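The values are calculated or read from the model by the stated rules, or taken from the named source; none is laboratory data. Just so it is clear, the structure is predicted and the values come from calculations on it, not from any experiment. FYI the Cβ positions are ideal-geometry reconstructions off the backbone, even for glycines, and counts take in every protein chain you see.
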Amino acid sequence: MSSLVAYEDSESEDESEEGASASVQTESSEQSQKVEVCNNSKLTPSPQSFTPVHDQTVLDYHGNTSERSSSSLHPHSQPQSCSDREIKYCSSKTTQDKHFRDTAAPLSLPASQGKNSSLQTLSHTPQGFCDGVNPAKRHFTVPSGIRPYIPKRQRLAPSVETVDPKYPAEQVPGNRTGENQILSDVSARVKPYLAHKPGTAGIPRRLLMSLGGHHGPVNTVQWCPVPHLSHLLLSASMDKTFKVWDGAESGQCLRVYTCHSGAVRDACWTPCGRHLLTGSFDNTAVITDVETGQQIAKLDNQFKVMCAVLHPSNSDVFLCGGYSSVVKAWDSRSCKMVKVYKAGIQQTLDILFLRGGVDFITSSDCVSRDSADRTLIAWDYQTTAKVSNQIYHERYTCPSLALHPLEESFVAQTNGNYMAVFSSQQPYRMNKRRRYEGHKVEGYAVQCEFSLDGTILASGSATGSAHFYDYHNARTLHTLHAHSQPCLCVSQHPVLPATVATCDWAGEIKIWN
């Protein structure tokens, strides 16, 4: 039970020294008293009084926690019989202010004081003492067993976990605690190639490193498109995480992002290399800051997201498709849906913007006899109208699409175990004389990708191999036996020659050179 002691200060700090001394002598004879705190927690004023000791008078506590006694303050004063402590104070406001600013000590209660014995120490300035310090800025020691108050704004603030929950932040491989250097480092292996234009793409022959850390199938891997940051490798997995690796030298995981509560189905870099766009089976698409791991935008599509693609000329706009008959366009600045593209399909497997972003192609899972008008659909981005729906007439689904970097053409990976090439100009005719065969798809979402110069077309395979084709004559250049599980993606490095990254259904990532 707390005690209240009132003090009456009739003098101001601006008065002269004589007036202050007279006031001290007058008030000490009328108002000075001892406050006894007994075991029954009641206040009993002591009839005795004492003579103040000039301006050096201090607040003295008697009891188990104080080593000073009242005799040290005044030679004629005797210790009182109070079992706990006694409080001596001076009525001079100037002395009070000086004392509580410089010599305030923690108030200690004896452990035998009834049910409140759990309160051991509390740093507190007694009521009535005005020391000029903002009470909100005072330091209070929270008693044991009492939880501190957390403001509502902090309780409701969203938090993003950016490290693997299995490890502390300082134990995550490659995680620089307290430092933001993911985008500031330039790999020594990439730096010599930055001053020269990329040469002819080569074929990888040997294993450079193996990256392990995902606990589920890795759906995609992608090198950073910014040349001086191209040593960074992005991976998205069914274990609900996506990661950024140093894929050129150390092979360390630089950061783990856990923004999703479901499997991460697709992921890509923004053109600036500072943000990541991911789509997940938790119905959301998220734009994440690479350096800090903070969510810039999180948008609910109300369906499982299979693919998320940035607009080529406006990176603030992106498309999302998945387990729905519609494709949605979002603006990350306003976090609002700006366009909806409706088609009579069950799900969208992939989305590909054509050159300039005026049109785009979507692939679906329709395989019925009359589904030729829904397997591949060309859309006008601005009007949301269908430009063409008579592109692919065979009864195979197309799990992935890839645009040629130089020519007006694109390829579609098909479940017929081949890749077909189409014109990217209307009416988007398929070249029936050129097919890229030799790999297996078998229902997996196997991706395909062009080299930077457009001469090599690479594809994964359900057999675990990585296949490399000559784009112009569809001839097989090399077959790399990369994994024992289905190889889902082969990503060719934009700067380093003959360097690729592969990932498989077992969660393994490998770098080849």
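Quick notes
- Within the range 348-366, none of the residues are of a type in the set (S, T, N, Q), under 20 Å from the mean Cα position of the chain (by Cα), in the same structural domain as Gln390 (by TED's automatic domain parsing) and assigned to a strand (DSSP E or B).
- Test result for Ser210, of a type in the set (S, T, N, Q) and either buried (at least 17 other Cβ atoms within 10 Å of the Cβ) or not in a strand (DSSP E or B) (or both): no
- Val286 among the β-branched types (Val, Ile, Thr), over 16 Å from the mean Cα position of the chain (by Cα), surrounded by 22 or more Cβ atoms within 10 Å (Cβ to Cβ) and modelled with pLDDT of 95 or more: no
- The criterion of at least 1 residues that are at pLDDT 95 or above is met, among strands (runs of 3 or more DSSP E) falling completely within the range 371-431, by 376-380, 400-403, 409-414, 418-423.
- Of all the listed residues (Tyr436, Tyr418, Tyr469), the sole one being without any contact (Cβ under 8 Å) to a residue 24 or more places away in the chain, under 22 Å from Ile203 (Cα atoms), crowded, with 16+ Cβ neighbours inside 10 Å and of a type in the set (Ser, Thr, Tyr) is Tyr418.
- Residue check for Ile296: within 19 Å of Ser424 (Cα to Cα) and among the hydrophobic types (A, V, I, L, M, F, W, C): no
- Positions within the range 186-207 being in contact with an Asp or Glu (Cβ under 8 Å, 6 or more places away or on another chain) and either within 22 Å of Ser235 (Cβ to Cβ) or buried (at least 18 other Cβ atoms within 10 Å of the Cβ) (or both), in sequence order: Ser187, Arg189, Ala201
For every residue, the table says whether it meets (1) touching a residue at least 40 places away in the same chain (Cβ under 8 Å); (2) of a type in the set (Ser, Thr, Tyr).
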site: Ser184; (1), (2): no, yes
site: Ser187; (1), (2): yes, yes
site: Ala195; (1), (2): no, no
site: Gly202; (1), (2): yes, no
site: Leu207; (1), (2): yes, no
site: Ser210; (1), (2): yes, yes
site: Gly216; (1), (2): yes, no
site: Gln222; (1), (2): yes, no
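- Yes/no for Cys259 being surrounded by fewer than 23 Cβ atoms within 10 Å (Cβ to Cβ) and not small (Gly, Ala, Ser): no
- Applying the set (1) surrounded by fewer than 22 Cβ atoms within 10 Å (Cβ to Cβ); (2) under 36 Å from the mean Cα position of the chain (by Cα) to Ala412 leaves exactly one unmet item: (1).
- Taking the criterion of being under 24 Å from Trp512 (Cα atoms), hydrophobic (A, V, I, L, M, F, W, C) and within 16 Å of the chain's Cα centre (by Cα), the residues of the range 246-268 that qualify are Cys253, Leu254, Val256, Ala267.
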